[in-house]
Each structure stands twice: as C-alpha cells, then as structure tokens.
Amino acid sequence: MAPVAAGAVAAAVMYGSPMAVIGIFTGLLFAPSTSIGAAVFATALCLGVAVSSAPRLTTGLAGWARHLSASGAASRRAATVGLVVVQLPVLVLVLAGGLAALAGQSSTVWPRLAAIVPLAWATSLAALHVEHRWARVAAVAASLFLWRGTWAGVAVGVALLAVADLTAGSIATRSGHRTWRGGRSGPRALSVPGSPGVAAARLWWKISRRALRWRLTVGLFSGLVALLPLFFFLLNNELTEVQRAIALRLATLSGVVFVMAMVADGLVKRRPPWPWIRSLPWSARSRVSLDAALLAVVAAPVFLIATPFDPSTVWVVGGAIPLLGLRGAAAIRQAPGRLSGASGQLVLEGVFVAVLAALIPWASLLFLGLTPVAARHAAELERCQEISTWHELHHLTAGDPLSWSDA
C-alpha cells in the first residue's frame, strides 16, 4: 500500500493542501443522504485493495500450515484479519474524510463511521477463495448495506456478514480451482509451421496472461502515473505548441516504457523460458516477436489516452513503440542473473529514446530503421539462452533462517 499513501501525499502537495485529497474522499464516500453510489465506491475501493493482496497473503496455506491444530475456518478468519490490516492505510483516509464531513452533516456520517471495520471485514472475506462461493456474494451485499448511511442498513449488513462468515468454510485449495483445458486453439497452435499464426499467438497470450494475472493492471497503472504530471503541467502553464508537443511526447513515451518494464519483469519472474516451448515449431524470431507484440499491446492504452491531447504526435510515438517492444523482449532474455531484472535495462534505454523523440520528432524514422536490427539481436539472444542453467534468487543469506552459508 506504499504507492497509495505516496500518491495521496503527492496529490496533496500538488494541490497545496491535504484537504484537497481528503475532500475528494469526503464527497465520494460521505454523501449528504443515503446513496447507493457511495456504497458502491466504498465497496470497490476496499475490495480492490483486498483482492490485490489476497494471493500473496494466502500463499502456502494449503501446505505446512494444515498440520497445525487449527480448523479451516480459523485459518480463513486469520487470513481475513490479515487483509483487514492491509486495508489500514485506506481506512485511515476514510476515517479522516468522515471526521471532516461531521462538520456539515452527521445523520449519515455516524452510521458510516461505525461501519468502517465491518466493511473492511466484509470486503476481505469477499476477496478470499472460500469453499462456499455464495458466501462471497453475501459479503459483497453486506458491504453495500453497511455503507448506505442508515442504522438499519448497518444492522442488515452486520447480519449478512455474520451469516457469510459462519457459512464460508475454509479457504479453497488449488485443487478446487478450475484448471485450464486445451481447447480448439491447443492442438492447432502446436501444429503451426514455423511462423506465429493466429492460433500460436492466442496460445502465447493465454500462457503469458495466466502467468501475469493482475500484474497486467499494475503495469498499466504505472504508465498512467507517468501521465499525471503531464496533466498538471498542461493545466497550470501557458505553453506554445512546440512546448506542448515536447511535453506530450516525453510523458507518453515514458509511460509506455514504464508499462513495458513492469510487464517484462513480471514475465521474467512468472514465465521464465522452459524446454517444452522449444519443442514447438516456432523460430526464435517468432517467440521474440510475440513477446514484443505483447508488450506493445499492454502499453497501448497509455498511447491511446495521450493521443487526443495532440493527434499530430501519433506518428512520433507510434514509430518508437516497435523498437521499445523488441528491446523489452531482448531485456527479458538478458534478465536472469541481473539484480535489476529486465526493467533496469529497458528503462535506461527507453528514457533515452523518449528524450530523443521528444526533442527531435524525426528520430522516430531512425527508430523504425533500427527495428530489424533490434529484432535480429533479440532473436540471437533467444537462441543463445541456456534454459537449463540454475539462477539463484537475489537475497541476503544472513537473513535467511534456512541458509547455512552465512552464520
């Protein structure tokens, strides 16, 4: 939750007053009357935090912890408490907004302040993969009732939450999840001769998407953060057309680089190269091109959001994206053994490309000319990979209780 707190502080500094940030929360969360919109926003806010943290918190609960003398429901409630703790930074902001709203009206604020902890518990329960899935639906319904702004809604929400908690059971194990079965695209993708066709690209995208999961959204968020200073810069300054175009090109390409860097690091950690993929009739250039296309597609929303500000810069940014995608694919192949992963190399090269394209628009033609060279270099790195080599995780052995190499 550190980025959430840092983002709130940065917004307060930009606006010049903390009340600018707290006022937004106050207006959205503490409407002057009973509001289903406020309930939906509060539920979505807390549920988003809980869902993003649940996989890390529940990892390993189906292993060693099962031999302890604790029931499945007790383990699930312990995980729920952990998710409530994760939500504390957001809950503090909500509490501050509620205290600020007390000065204007209190008839709907006090019920909502009383519902902060039950709301966090309900959204945490809804984020867990429990045995009885309908209990998650009941938890979401409870959170909506809790934040309507009436004492009757709080009572109904608490009752629904109690029923959901008592009947949820334990956390479902991996074996209970739906597994992927090769459909029509599986056999067809295995028989693609040489070049990545539609079926091959679909299989590659499915493998990468299942490896990254929510990290795709995190990567996109990092790109949008790069566009936020651009918005304030264009809003608070009187700029010429040239200055406006330079700022737009620099911010857009920086956002594209940040998205690609985040996704590339996720692919290195969650989808490393494995021997089986080399048995498919795809060339090294095909695998590199698919990775470059994946990085470009994930970064496309940043490009599309910035385009309406100045459509004339589309060709400049678009000319640099293929080169950045191929350099990202090459960085994925060079990442094992590096402390900076794939993002270090890609950010270093990408910032140089962004600055050069921002100052010299015609440099995009140079980038297009270098694209075949980048593709050839990335394919050579793919062919030269030693996929059976063991790469140690980078951590301090002194802090590892299972390591005997450092006392």
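Exactly one of these conditions fails for Leu239: (1) more than 22 Å from Ala335 (Cβ to Cβ); (2) in a helix (DSSP H, G or I). Give me its number.
Against the list (1) more than 22 Å from Ala335 (Cβ to Cβ); (2) in a helix (DSSP H, G or I), Leu239 comes up short only on (2).
Please go through the stretch 90-116 and pick out each residue that is under 23 Å from the mean Cα position of the chain (by Cα) and either surrounded by fewer than 20 Cβ atoms within 10 Å (Cβ to Cβ) or farther than 30 Å from Leu61 by Cα (or both).
Leu91, Val92, Leu93, Val94
Quick test for you: out of Leu68, Leu83, Leu128, Leu119, pick the one residue that is touching a helix residue (DSSP H, G or I) at 6+ places or on another chain (Cβ under 9 Å) and either surrounded by fewer than 21 Cβ atoms within 10 Å (Cβ to Cβ) or among the acidic types (Asp, Glu) (or both).
Going through Leu68, Leu83, Leu128, Leu119 in turn, the sole match is Leu68.
Filter the stretch 240-261 down to residues that are of a type in the set (A, V, I, L, M, F, W, C) and closer than 17 Å to Pro311 by Cα, then give me how many there are.
9
Filter the stretch 238-263 down to the residues that are touching an Asp or Glu at 6+ places or on another chain (Cβ under 9 Å), modelled with pLDDT under 90 and not charged (D, E, K, R) and list them by number.
Ala245, Leu248
Residue by residue through the stretch 57-84, note down the ones that are among the basic types (Lys, Arg) and outside the structural domain of Asp165 (by TED's automatic domain parsing).
Of everything in the stretch 57-84, just one residue is among the basic types (Lys, Arg) and outside the structural domain of Asp165 (by TED's automatic domain parsing), namely Arg66.
Scan the stretch 6-24 for residues that are surrounded by 15 or more Cβ atoms within 10 Å (Cβ to Cβ), over 17 Å from Leu235 (Cβ atoms) and within 22 Å of the chain's Cα centre (by Cα) and jot them down.
Within the stretch 6-24, Ala8 is the sole residue that qualifies.
In the list Leu348, Leu326, Leu370, which residue meets the criterion of being assigned by TED's automatic domain parsing to the domain that holds Val259, under 21 Å from Ala293 (Cβ atoms) and under 23 Å from the mean Cα position of the chain (by Cα)?
The conditions single out Leu326.
Just to be sure before I move on: is Ala296 under 19 Å from the mean Cα position of the chain (by Cα) and in contact (Cβ under 8 Å) with a residue 24 or more places away in the chain in the structure I sent?
Taking the combined requirement at face value, the residue satisfies it.
With a cut-off of at least 2 residues that are of a type in the set (Ser, Thr, Tyr) and at pLDDT below 80, name the helices (runs of 4 or more DSSP H) lying wholly within the stretch 1-76.
Correct list: empty, since no element meets the threshold.
Please state which of the following conditions Gly350 fails to meet, knowing it meets all the rest: (1) free of Cβ contacts under 8 Å to residues at least 60 places away in the same chain; (2) buried (at least 23 other Cβ atoms within 10 Å of the Cβ).
(1)
The values are calculated or read from the model by the stated rules, or taken from the named source; none is laboratory data. The structure displayed is predicted, hence computed values, not measured ones. Every residue, glycine as well, gets a Cβ built from its backbone with ideal geometry; the counts of neighbours run over all protein chains shown.
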